[in-house]
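First comes the structure, then the notes that go with it.
The values are calculated or read from the model by the stated rules, or taken from the named source; none is laboratory data. On a predicted model such as this, the values are computed, not experimentally measured, just so you know. Neighbour counts run over all protein chains shown; Cβ positions are idealised from the backbone, glycine included. To get the accessible areas, we keep the full protein, side chains included, count just its heavy atoms, and leave off ligands, DNA and RNA. Shrake-Rupley method; radii C 1.70, N 1.55, O 1.52, S 1.80 Å.
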Amino acid sequence: MSPMSLLLNLLWIVFGGLWMAVGWVIAGVIMAITIIGIPWARAAFN
């Protein structure tokens, strides 16, 4: 992996990827509360 690719991957994690992952976890937990949302919650965690 080139140094530029590593730098860009780190920037993506810090500015976009981490926040999207946190959003999916929150959405999955909220969906898991309801019976109807359980299949979507399982998909969110996969």
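Observations on the structure shown:
- Enumeration of residues in region 30-46 that are more than 17 Å from residue 20 (Cβ to Cβ), of a type in the set (A, V, I, L, M, F, W, C) and open to solvent by 70 Å² or more (accessible area, probe 1.4 Å): 33, 35, 36, 38
- Annotation: residue 5 fulfils all but one of (1) modelled with pLDDT under 90; (2) loosely packed, with under 10 Cβ neighbours inside 10 Å; the unmet one is (1).
- The sole residue among 13, 26, 30, 35 that is without any contact (Cβ under 8 Å) to a residue 24 or more places away in the chain and in a loop (DSSP other than H, G, I, E, B) is 35.
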